[in-house]
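K.L.:
I have a structure I would like to understand better, so I am pasting it below and will then ask my questions one at a time.
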Amino acid sequence: MSDTRRRVKVYTLNEDRQWDDRGTGHVSSTYVERLKGMSLLVRAESDGSLLLESKINPNTAYQKQQDTLIVWSEAENYDLALSFQEKAGCDEIWEKICQVQGKDPSVEVTQDPMDESEEERFEEMTETSNLIDLPNCELDKLEEIADLVTSVLSSPIRREKLALALENEGYVKKLLQLFQACENLDNAEGLHHLYEIIRGILFLNKAPLFEVMFSDECIMDVVGCLEYDPALAQPKRHREFLTKTAKFKEVIPITDSELRQKIHQTYRVQYIQDVILPTPSVFEENFLSTLTSFIFFNKVEIVGMLQEDEKFLSEVFAQLTDEATDGDKRRELVHFFKEFCAFSQTLQPQNRDAFFKTLANLGILPALEIVMGMDDLQVRAAATDIFSYLVEFSPSMVREFIMQEAQQSDDDILLINVVIEQMICDTDPELGGSVQLMGILRTLLDPENMLATANKMEKSEFLNFFYSHCMRILAAPVLASTSADNYQTAQLLALILELLTFCVEHHTYHMRNFIMTSELFGKVLSLMSSKHTFLALCALRFMRRIIGLKDDIYNSCIIDDNLFEPVINALLGNGTRYNLLNSAILELFEFIRVEDIRSLTLYIFDNFYTALEPIEYVQTFKGLKAKYELERERQNQKLNSCNVTPILRINSRLRRGTRSLGGDEELWFKEVEQQISEAAATSAEKSKMEAEFLDSYEKFMENKKAKESEDKENLPKRTAGGAFKFTFSHTASTANGTNSTNGKSVAAQTPPAGSNGSSSNANMSTAVTSSKQGNVIGLVDYPEDEDDEEDEDASPRKRPRLGS
């Protein structure tokens, strides 16, 4: 298939009146027995599959447009188009079509469209059996011509006949000559008539007329006619804008005159459609479908011609990345690429793949890294748009570049960190750039679009990279925040929290490790006190997503660091207001009750029972109290019957020196301790578990040594008795709308006597917390010190997992 004359693209018009590319192949005209007639066949050049099989129907209206297009309709709302690579091939197939229909190949349309019923068609054919007679093209006939053009728009057949008459007599050029005369004479009435005439001719929706009107010779006069809208007191100045303001700049000289002309034409026609012509009414909405197609195919041609010119693109990239290129020149180059990428959106997936691969091979991502760090806001905005196109096209390609770059560059100059910093430092009061960049980052971090790649390790590799090199930069504004009274700052923090919440849900392992080794959790919840309710809700949503995971490590962190205190404060501080914040907090407690998260239920009622007890306008806390009492009773029964010796013995074998355990190790041991207590009781399984336990511990210690230089998160202050000490700004009675003078610390108060086991467990809680103030009670036993082992048998740290 080396004959390029027959090389075509097949297009179909979709429901949104946009052309879809069905593929590239070679067309032939042959007799098809099954269809009983001459037909057009297009076979794909890639695999020879049949892209199109269409019988040349004698009554079908075929249109030849722009010398390389053949367009027709096969059924209602099903339009087809063949776009030829060469004019000669288009002419050859057009002759075959005309031969079948018995038409002269010199015509541009083979048939009149038959859209009406038989009765309507008969009536109109009797009225318009001959071609429409056009008035003489003279100044005193302009009103008559305007009336004729506007009167035919409601009739498809009359529109066809008027279009043929205008085309055959070269009428459009004569009208534009009258426009120049009217303008020289300041003939306002004539100019208003010409506006109606030219607008009506555009609504005839005929490609042959567009070829004349949008030629270099005529297009500016067409724009001039459309300036004189009778509804406006003063004419617009569209020509002045197109010739003086919107000057065409060649960032690199374009030697192909056809390409340059096509770019000029496309810009001006797009301007006519988007700016000059009024928004069409429901009646007129389909009148400009051919104009849309005209622009679409022009853009396809421009992208193809530029993409094939390797010398041109190579020169553009060379200047874009050259340090000697001045700011103005680089700005023009970036805007050129933005337009280039925007045009590429007209391409279908397979063609867009080739387009972006070409850009990637030429080095578009390193070039973007340079321009995104520039001070020029317009350049950064254009570069962001280009980056958005690339990420939308292939997030895997962008991720691969980012990870390769990390092997050669410092963290602060990595492309992804440049993007994060641009998001954080956006000066726009509405944070439009930040919102766009946050969406780009979310796409890059979404595991869903990592699964379909050929590289199965992409997810783990990229997330390991991101959490090692980028996450602290992303979370820095939250970690550094002391207050968020400034509205713009609050907006930024809300955006970051939205992305961090996404990470909690989709990067469970990596995000948990980051939270456990930083102060992020506490810093996020400190934003619950913000005066901006939307920010407090973002912080609450972050915690809700974490609790929704039902992860014991997260739950232990919440309990040990007393992280429900800001939530309780926000609930009570909200008072009697029934709003979104109130509902969201109550839903959080309801989730804990319904899902029966026992550790959090015990923690909440051991510490905040007095504050929550008076809240009776929902049944959530009564339900939690019932769960609490049931769990306490269950625990008392287990304490009387559970033998803790096996755990103590295993722990004694894991002695690692005489040092105290840090907070991270305590959390790790708690998790492992629960796993051991729930394991099978056979000796063989115990031995295997012990070996795995030792191996896991060694790995844990290696990771911990690498993090010993990091600061530890400060624990909440405690009283001498070991309980948490804090004061609420409002009492629970306030939340119910009643007065109360009790301002004592809620945490210092104990549950009522009616709660089973409440007294003994309150003492137990005190013992545990006081141990953190003084000498930390070790979880493991020292075999050389039997007295210590006996003391630890009685220690609350050594009790079996109550929730097991």
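The values are calculated or read from the model by the stated rules, or taken from the named source; none is laboratory data. Remember, predicted model here, so these are calculated numbers, not experimental data. Quick reminder, even Gly has a Cβ in these numbers, built from the backbone with ideal geometry, and neighbours come from all protein chains shown. Just so you know, the surface numbers come from the protein's heavy atoms only, side chains and all, with ligands and any DNA or RNA stripped out. Shrake-Rupley method; radii C 1.70, N 1.55, O 1.52, S 1.80 Å.
K.L.:
Just to confirm my filter: which helices (runs of 4 or more DSSP H) fall fully inside region 443-540 and include at least 2 residues that are among the polar types (S, T, N, Q)?
P.N.:
458-469, 487-506, 508-516
K.L.:
Failed condition for residue 150, given (1) modelled with pLDDT of 90 or more; (2) under 48 Å from the mean Cα position of the chain (by Cα), with all others met?
P.N.:
So the condition that residue 150 fails would be (1).
K.L.:
Follow-up. Quick test of your reading of the structure: residue 574 fulfils all but one of (1) open to solvent by less than 60 Å² (accessible area, probe 1.4 Å); (2) over 35 Å from the mean Cα position of the chain (by Cα). Name the failing condition by number.
P.N.:
(2)
K.L.:
Let me ask another. Hey, which of the helices (runs of 4 or more DSSP H) in region 561-646, taking only ones fully inside, have at least 2 residues that are touching a His at 6+ places or on another chain (Cβ under 7 Å)?
P.N.:
Correct list: 565-573.
K.L.:
Something else now. Using the structure shown, decide if residue 498 is under 18 Å from residue 420 (Cβ atoms), surrounded by fewer than 19 Cβ atoms within 10 Å (Cβ to Cβ), modelled with pLDDT of 90 or more and not aliphatic (A, V, I, L, M).
P.N.:
yes
K.L.:
Hey, can you tell me all the residues within region 44-66 that are farther than 21 Å from residue 207 by Cβ and touching a residue at least 40 places away in the same chain (Cβ under 8 Å)?
P.N.:
Listed by number, the residues that qualify are 45, 51, 58.
K.L.:
Further question: Tell me, which helices (runs of 4 or more DSSP H) wholly within region 321-402 include 3 or more residues that are over 25 Å from residue 267 (Cα atoms), touching a Lys or Arg at 6+ places or on another chain (Cβ under 7 Å) and open to solvent by less than 10 Å² (accessible area, probe 1.4 Å)?
P.N.:
none
K.L.:
Another question, if that's okay. Within region 444-458, take every residue that is buried (at least 16 other Cβ atoms within 10 Å of the Cβ) and not aliphatic (A, V, I, L, M) and give me the one that is modelled with the highest pLDDT.
P.N.:
Out of the qualifying residues, it is 449.
K.L.:
Exactly one of these conditions fails for residue 259: (1) in contact with a helix residue (DSSP H, G or I) (Cβ under 7 Å, 6 or more places away or on another chain); (2) outside any helix (DSSP H, G or I). Give me its number.
P.N.:
All conditions are met except number (2).
K.L.:
How about region 223-280: which of its residues are open to solvent by 60 Å² or more (accessible area, probe 1.4 Å), farther than 18 Å from residue 203 by Cβ and among the hydroxyl-bearing types (Ser, Thr, Tyr)?
P.N.:
243, 245, 255, 257, 267
K.L.:
Can you name the residue in region 88-102 that is modelled with pLDDT under 85 and not aliphatic (A, V, I, L, M) and is also surrounded by the fewest Cβ atoms within 10 Å (Cβ to Cβ) among such residues?
P.N.:
Taking the candidates together, the pick is 102.
K.L.:
Something else: Would it be correct to say that residue 279 is more than 32 Å from the chain's Cα centre (by Cα), outside any helix (DSSP H, G or I), at pLDDT below 85 and of a type in the set (S, T, N, Q)?
P.N.:
no
K.L.:
So, residue 140, is that one of a type outside the set (Val, Ile, Thr) and open to solvent by 60 Å² or more (accessible area, probe 1.4 Å) or not?
P.N.:
Considered against the rule, which asks whether it is of a type outside the set (Val, Ile, Thr) and open to solvent by 60 Å² or more (accessible area, probe 1.4 Å), residue 140 comes out as yes.
K.L.:
Further, regarding this structure: For region 37-63, what are the residues that are open to solvent by 30 Å² or more (accessible area, probe 1.4 Å) and either among the charged types (D, E, K, R) or in a loop (DSSP other than H, G, I, E, B) (or both)?
P.N.:
Those that are open to solvent by 30 Å² or more (accessible area, probe 1.4 Å) and either among the charged types (D, E, K, R) or in a loop (DSSP other than H, G, I, E, B) (or both): 43, 45, 46, 47, 48, 49, 53, 55, 57, 58, 59.
K.L.:
Show me the helices (runs of 4 or more DSSP H) entirely contained within region 178-243 in which 1 or more residues are more than 44 Å from the chain's Cα centre (by Cα).
P.N.:
Qualifying helices (runs of 4 or more DSSP H): 188-203.
K.L.:
When residues of region 2-28 are filtered for being surrounded by 18 or more Cβ atoms within 10 Å (Cβ to Cβ) and at negative phi, how many remain?
P.N.:
Selection size over region 2-28: 13.
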